[in-house]
Amino acid sequence: MALWAAAASFATAQDGRLSLADRVARLEQQQAGGSGQQAGSVELLNRISQLQTEVQVLRGMLEEQDFKLRELERQSRDLGIDFDSRLERLESGSGQSGRFIDPEPGSAGGSQMGGIVGSVVMEEPEVRAPVDAGVALQGTESDALQTQEPVIADPAAERAAYDAAFEALKNGQYAEAARRFQSFLERFPDGEYAPNAQYWLGESYYVTQNYQIALDAFETLLARFPNSNKVPDALLKVGYSHYELRNWTQAEDTLNQVVQSYPDSTVARLAQGRLRALRLENRQ
């Protein structure tokens with residue numbers, strides 16, 4: 001009995017040692033499994049980081065394509081405006097060269113717009129003859145004439161001053177042209193060529209991208225010389241100036257006014273072309 005009890009005790013102890021080894025093996029397996037899970041988590045994080053990098057690259061490519069698309073739209077808009085201008089030049093049959101073409105004030109040549117002859121004919125303004133200083137007018141007739149119509153003392157000097165300013169404009173001397181036109185308007189504010197001088201003063205500022213000053217000059221013409229044959233062009237350039245200043249509402253209203261006031265004319269077609277460009281700008 002004692003021998004049997006000792007054998008049983010040895011077997012139990014042996015089973016306990018084997019059980020402890022099994023438990024250690026199990027723990028090692030669990031640790032190995034945990035390391036595998038940790039390695040899987042690291043791999044997952046690396047993959048997420050790689051995907052984030054790819055998304056950033058794709059986003060950069062998308063932004064680049066969007067920029068190129070906007071640039072193509074801008075070029076298309078500019079080409080459309082240029083095409084409208086060329087088309088109107090061909091339709092009007094203008095064969096003249098040069099950017100600026102200026103008719104005689106009150107001529108039936110129609111409205112002028114950057115070298116493009118339009119079809120709008122305004123009423124010819126009255127050309128005042130010079131008054132001989134040696135002829136004295138009697139009574140209230142003389143007083144009425146002096147108060148109602150300023151006397152042009154030297155029409156030849158007026159024409160010479162106007163021609164000099166316009167020549168500077170045609171030669172691309174825009175700052176000099178602006179100075180000369182401003183001086184002309186100070187000397188002959190109500191002269192025969194004053195409306196034209198006011199218009200070309202605005203044009204000299206517009207072509208040098210001084211759009212706010214140009215806008216003021218064109219609006220001055222509309223206010224001071226509402227019957228001038230330069231009114232359609234000045235109104236169009238008011239719309240253009242608002243467009244360049246990104247005053248979208250004012251630009252649209254003014255260009256629509258041109259279309260409504262002068263239908264089937266060059267200025268109306270040019271206004272429609274700029275309205276198309278305006279719609280593209282509003283979509284961006």
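Every number in this text was worked out from the coordinates using simple rules, so none of it is lab data. Because the structure is a prediction, the values reported are computed rather than measured. Cβ: placed from backbone, ideal geometry, glycine included. Neighbour counts: every protein chain shown.
Modelled spin-label separation between K68 and R159, with each label point placed 7 Å from Cα along the Cα-to-Cβ direction: 6.0 nm.
Taking the Cβ-Cβ separation of S183 and R246 as r and a Förster radius of 30 Å, what is the calculated FRET efficiency to the nearest 0.05?
Details: r = 32 Å, r/R0 = 1.07.
Between S183 and R246 the formula returns 0.40.
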